[in-house]
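The values are calculated or read from the model by the stated rules, or taken from the named source; none is laboratory data. Computed from a prediction, not measured in an experiment: that's the story for all the values here. Every residue, glycine among them, receives a Cβ derived from its backbone with ideal geometry; neighbour counts consider all protein chains shown. Protein only, heavy atoms only, side chains kept; ligands, DNA and RNA dropped before computing areas. Shrake-Rupley method; radii C 1.70, N 1.55, O 1.52, S 1.80 Å.
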Amino acid sequence: MTPDPASVPVPAAVDWWRDAVFYQVYIRSFADGDGDGVGDLAGIRSRLRYLAELGVDALWITPFYPSPMADHGYDVADPRDVEPVFGDLAEFDALLEEAHGLGLRMTIDLVPNHSSHLREWFQEALAAPPGSPARARYVFRDGRGPGGGEPPNNWPSVFGGPAWTRVPGGQWYLHLFAAEQPDLDFTNREVLADLETTLRFWLARGVDGFRIDVAHGMAKPEGLPDMVAAEDTGLFDDHGPGDLRFDQDGVHDVHRRIRRVLEQHPGTMAVGELWVHDDDRLARYVRADELHLAFNFQLLLADWDAEELRTAVDHSLATVAGTPAPACWVLSNHDRPRHVTRYGGGASGTRRARAAVLLQLALPGVAYLYNGDELGMPDVELPDEVLQDPIWERSGHTERGRDSCRIPVPWSGTAAAYGFSTSPDTWLPMPAGWGALTAEAQAADAGSMLSLYRTALRLRATSPAFGGGAMHWLPAPDGCLAFRRPGGLVCLLNVSPAPVPMPEGHVLLASDDVCGGVLPPDAAVWLHA
Ligand code: GLC
């Protein structure tokens, strides 16, 4: 069970994030302010009121720094400036001020593990000889085999293909992601110091915190040994104990360093993107002097199955038990299929998504929503010729990548670009037939997904039923989950194919019609008991 936040002696304003609802803005796809078909800071600014009315507490904005966009901004050429496609520093400051004026905190993405190949540092490294200080900021090594023609080890890139690329002159450099994203070496003092400079740069502008990209990366094992493939499958362990690319002990020094900077700015926080499957290993990242929060991806990985969902919740709670951190629930993000689609798509996927958000928002701790969740956006299947994710090319066209979950958000109207942009030519195409999915159409419909989110967020923020940072499971019919929060909230989720009777209590909100005291299949209800 999570420790009760009421027992943590910190003023409320300082740990505002403990039970906050964050809204992830995938900047390219949220709102386009200048009509070039790509979302930007001005677009976010124009939709701040919508976000305040939705009832979220804070934003996380994905990278908006200068970038050649090999990985859509996660390849950062200058961590302390704004990419012209997205705006400029003045626009950023104005956005931050307006967000704060509406009571919204603003957090931004920090991408420490790698830079863009076009960052000045990497260009210097390419021009410098092996063994030079410029190369020491990255992970350059000699190759193996005759003439050093083989990569220094057998590591694969997360995006497919080898994790090494050879440069003119013969050395190889490491990139756990695309070749345009060379890994930085965090044993290099200059690299670490530069990260601190970046943190301070944005903190001085007033940001409330950071989402840390690949927070389980950054440290590499001494000698960069080969990974060992499993005997039965011949495959490498992916993000498990045998995956030497990630979750190395040295990474915690980096997190301690980040925390020390944040401690000098009370009220700021950091959440880590951590693909670490083992609960105990994951818990190490949220020790008192490291990250405030760790995304727990168990819920995002669970199928629509009562046992799987319950196990996901148990693991997430077990991870944070005994740490100062609350749990941090995620259903969707810009890297995984959206949950409407994961749960089967169509009307049934949408029904399940309605139920799932009542589960997510009833659980104790922090919730992260992904832009478009509140509209019930599904993934969109795209034709080959419009795919942009580097995974498509790097996998030799065997994996389609993540574009399907990154389609621009539909705001209004009945034809593309649905108010997302003044141009119909959006960076990823928007499908026909999305008129009913727009925020405008849904705002006018009390039964819509958007209305459900708004009501759920208002209740979560105002009802005493949500008090207390713990929960305990209640007995429930087969295929159902039921739990109670100390404030009196009872959440019942029915994943079974049959209707089930509801427990006693006053109905606060239901994802479906609950007349007659019965909860239909694929539905959830909040009761105050
Ligand atoms: C994280 C981001 C993902 C990006 C990768 C490399 O996983 O969420 O979008 O491609 O890091 O930076």
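Around residue 421, under 12 Å between beta carbons, what's the net of Lys plus Arg minus Asp minus Glu among the other residues? It works out to a net charge of -4.
Would you kindly find the accessible area of residue 124, with a 1.4 Å probe and non-protein molecules such as ligands, DNA and RNA excluded, rounding to the nearest 10 Å²? In the full protein context, residue 124 sits at about 80 Å². The simple spin-label model puts a point 7 Å past each Cα toward its Cβ; for residue 226 and residue 451 those points are separated by 6.2 nm. Heavy-atom accessible surface of the chain, averaged per residue, reaches 37 Å², computed with a 1.4 Å probe.
For the peptides 415-424, 226-235, the ranking by mean Cβ contacts within 10 Å, running from highest to lowest, is 415-424, 226-235. Neighbours of residue 211, meaning other residues whose beta-carbon lies under 14 angstrom from its beta-carbon, give a summed charge of -4 when Lys and Arg score +1 and Asp and Glu score -1. Phi angles of the stretch 374-383 translate, via the Karplus equation with coefficients 6.51, -1.76, 1.60 and θ = phi - 60°, into HN-Hα couplings of 5, 9, x, 4, x, 5, 10, 6, 10, x Hz per residue; Gly and Pro are given as x.
Paramagnetic label reach from residue 193 (point 7 Å along Cα→Cβ; backbone nitrogen cut-off under 16 Å): within the stretch 109-153, residues 121, 133-138. Residues of the stretch 293-328 falling in the label zone of residue 473, defined by backbone nitrogen less than 17 Å from a point 7 Å along Cα to beta-carbon, are 298-299, 302-321.
The H on the amide N of residue 164, modeled in the peptide plane, is under 5 Å from the matching H of 175, each at least 5 residues off or on a different chain. Under the criterion of Cα pairs below 8 Å and six or more residues apart, the relative contact order for the stretch 133-177 equals 36 percent. Relative to the longest principal Cα axis of the chain, at what angle does helix 189-205 sit, 0 to 90 degrees, rounded to 10? Rounded to the nearest ten degrees, it is 40. Estimated purely from DSSP H runs of n ≥ 4, each contributing -39500 (n - 2.57), the mean residue ellipticity at 222 nm for the chain is -7500 deg cm²/dmol once divided by its residues. Need one number: the % of Cα-Cα pairs in the stretch 300-420 sitting beyond the 24 Å mark. That tail contains 37 percent of the Cα-Cα pairs. Couplings for the stretch 309-318, taken from phi via the Karplus curve 6.51 cos²θ - 1.76 cosθ + 1.60 with θ = phi - 60°, read 5, 5, 4, 4, 5, 4, 5, 5, 6, 5 Hz in order; Gly and Pro are left as x. Which residues in the stretch 382-425 place their backbone N less than 14 Å from a point set 7 Å from the Cα of residue 443 along the Cα-to-Cβ direction? Within reach of a label on residue 443, which here means backbone N under 14 Å from a point 7 Å along Cα→Cβ, the stretch 382-425 contributes 410-413, 419-420.
Each residue of the stretch 79-86 was assigned a 3J(HN,Hα) from its phi angle through the Karplus expression (A = 6.51, B = -1.76, C = 1.60, θ = phi - 60°), giving x, 10, 7, 10, 5, x, 4, 9 Hz with x at Gly and Pro. Pairs of C-alpha atoms in the chain farther apart than 42 Å represent 18 percent of all such pairs. With K and R counted +1 and D and E -1, the other residues having a Cβ less than 13 Å from that of residue 103 yield a net charge of -3. For the residues 341, 319, a 1.4 Å probe over the protein chains yields an accessible-area ranking, largest first, of 341, 319.
Taking amide hydrogens as placed 1.01 Å from N in the peptide plane, the amide H of residue 77 sits under 5 Å from those of 67, 116, each at least 5 positions away in sequence or on another chain. Sticking with the crude label model, points 7 Å out along Cα→Cβ, report the distance from residue 518 to residue 36 in nm, one decimal please. Going from the residue 518 label point to the residue 36 one covers 5.7 nm. Protection proxy ranking, highest mean first, for peptides 515-522, 168-175: 168-175, 515-522, where packing is the per-residue count of other beta-carbon atoms within 10 Å, averaged. Computed from the Cβ-Cβ distance with R0 of 30 Å, the FRET efficiency linking residue 16 to residue 436 stands at 0.25. Between residue 398 and residue 166, the simple spin-label model (points 7 angstrom out along Cα→Cβ) gives 2.2 nm.
The relative contact order of the chain, computed from alpha carbon pairs under 8 Å that lie at least 6 residues apart in sequence, is 14 percent.
Can you tell me the orientation of helix 251-263 relative to the chain, as the angle in degrees between its alpha-carbon axis and the longest Cα principal axis, to the nearest 10? Between helix and principal axis, roughly 60 degrees. Taking 30 Å as R0, compute the FRET efficiency from the Cβ-Cβ separation of residue 347 and residue 458 and round it to 0.05. For R0 = 30 Å, the calculated efficiency reads 0.70.
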